[in-house]
Amino acid sequence: MLDFLLIEKGRYLPVGLLISGTVIIHTLATAICIGTKNLVIVYLLTTLVMQFIIPYASTRVRALVIGILWASMIALVFIDYHLTPLRDIGNAYGALAMFNIHLAFFGIGIQLTIGNTIWDAILRFNHAELEKSRSEANTDPLTGLYNRRYADTFFEKLTTGKLEQVWCVAMVDIDDFKVINDAYGHLVGDEILMFISDFIKTNLRRTDLVFRWGGEEFLIVLKDAEVSNAFRLLDKLRDKLASENIETHAKILNVTVTIGVCPLDTNNIEQSIEACDRLMYVGKNAGKNRVIM
């Protein structure tokens, strides 16, 4: 029962050690009590096979258990030659030997099944951990948006692929963000960043991508969008955000953004980003809270 509870919790190491230890103790105790004619050694052999089939522990741990199992087999030979069993069960030896052999083969079959199950569980766990690592490497921990590292990967694929779509790129900057940080603290600043990140994702199309570019800046890549259509979409987003009341732990704030948008030249990604960044600063100098194309 304890073994099944541990398996359900994924605690394979204690299960493997518990089974191995129990078999060794049972085998040696049986050999001392009634001898080895009942082929009790097959339990040690079955447990030895388990070390190769079931990856319940590291290779080093299982190698140590293998060494203990071999030592137990040597101990059985010593017991067989030098000790007289405490009890002679007579004709029952043959029947018990057959029972032990069948049970050993059954045990190996179970091990193969469990081994495959554990391997599948390990593979799923490793895949999940890999996906988690990739996600953590490609996303900003505060906002959950893609980061610049993923942007580099995305733009590299964009430049090498065959493209039939029209793309636009936009730089978004939160107006007076430094003033907010200075007045209310960085915790409120973080709340603003998280709110605006969610707001942008929610109000864009599924085909559009948003990146945390740095500080209070966000980069948006719009797929299948002429610059005029991108302008209308982003201006609608900007206007809607300006009317939002953002609740923070300090007070309710109204925040605006300034956006620069231009066509994305997939042969000159860096120049396109620099262009929309310059347009965004034109908007800043023109009074903020606007979209410039």
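From the list Asp208, Asp190, the one residue that fits, being among the charged types (D, E, K, R) and farther than 16 Å from Thr143 by Cα, is Asp208. Of all residues in the range 14-29, those satisfying the criterion of being within 38 Å of the chain's Cα centre (by Cα) and polar (S, T, N, Q) are Ser20, Thr22. Take the conditions buried (at least 19 other Cβ atoms within 10 Å of the Cβ), within 20 Å of Asp235 (Cα to Cα) and in the same structural domain as Leu253 (by TED's automatic domain parsing) and apply them to Arg212. Does it pass? Yes.
When the range 246-276 is filtered for residues that are surrounded by 19 or more Cβ atoms within 10 Å (Cβ to Cβ) and in a helix (DSSP H, G or I), the ones remaining, listed by number, are Ile269, Ser272, Ile273, Ala275, Cys276. Residues that are closer than 24 Å to Asn267 by Cβ and not in a loop (DSSP other than H, G, I, E, B) do not occur anywhere in the range 190-197. Considering only residues that are buried (at least 18 other Cβ atoms within 10 Å of the Cβ) and hydroxyl-bearing (Ser, Thr, Tyr), look in the range 27-79 and name the one that is farthest from Gly16 (Cα to Cα). Looking at the filtered set, the residue picked out is Thr36. Among residues of the range 173-198 that are among the hydroxyl-bearing types (Ser, Thr, Tyr), those with a beta-carbon under 6 Å from a residue that is buried (at least 18 other Cβ atoms within 10 Å of the Cβ) at least six positions away or on a different chain give the pairs Ser197/Thr143; Ser197/Leu145. Among the residues of the range 277-293, the ones that are assigned to a helix (DSSP H, G or I) and either surrounded by fewer than 16 Cβ atoms within 10 Å (Cβ to Cβ) or touching a residue at least 60 places away in the same chain (Cβ under 8 Å) (or both) come to 8 in all.
Checking each residue in the range 1-15 for being modelled with pLDDT under 75, part of a helix (DSSP H, G or I) and of a type outside the set (Val, Ile, Thr) picks out Leu2, Asp3, Phe4, Leu5, Leu6, Glu8, Tyr12. Leu237 passes every criterion in (1) over 19 Å from Thr202 (Cβ atoms); (2) of a type outside the set (Val, Ile, Thr); (3) free of Cβ contacts under 8 Å to residues at least 60 places away in the same chain apart from (1). Among the residues of the range 227-245, count how many are small (Gly, Ala, Ser) and in a loop (DSSP other than H, G, I, E, B). Total satisfying the criteria: 1. Within the range 207-222, at least one residue is part of a loop (DSSP other than H, G, I, E, B), free of Cβ contacts under 8 Å to residues at least 60 places away in the same chain and of a type in the set (Ser, Thr, Tyr).
Determine if the range 274-284 includes at least one residue that is assigned by TED's automatic domain parsing to the domain that holds Val179 and touching a Leu at 6+ places or on another chain (Cβ under 7 Å). No, the range 274-284 contains no residue that is assigned by TED's automatic domain parsing to the domain that holds Val179 and touching a Leu at 6+ places or on another chain (Cβ under 7 Å).
The requirement of being surrounded by fewer than 18 Cβ atoms within 10 Å (Cβ to Cβ) and closer than 26 Å to Leu253 by Cα is fulfilled somewhere in the range 157-178, by at least one residue.
Looking across the range 215-230 at every residue that is within 14 Å of Val257 (Cβ to Cβ) and not aliphatic (A, V, I, L, M), the one that is surrounded by the most Cβ atoms within 10 Å (Cβ to Cβ) is identified as Phe218.
The values are calculated or read from the model by the stated rules, or taken from the named source; none is laboratory data. In this text, all values refer to a predicted model and were calculated from it rather than measured experimentally. Note that we place each Cβ from the backbone using ideal geometry, even for glycine, and neighbour counts take in every protein chain shown.
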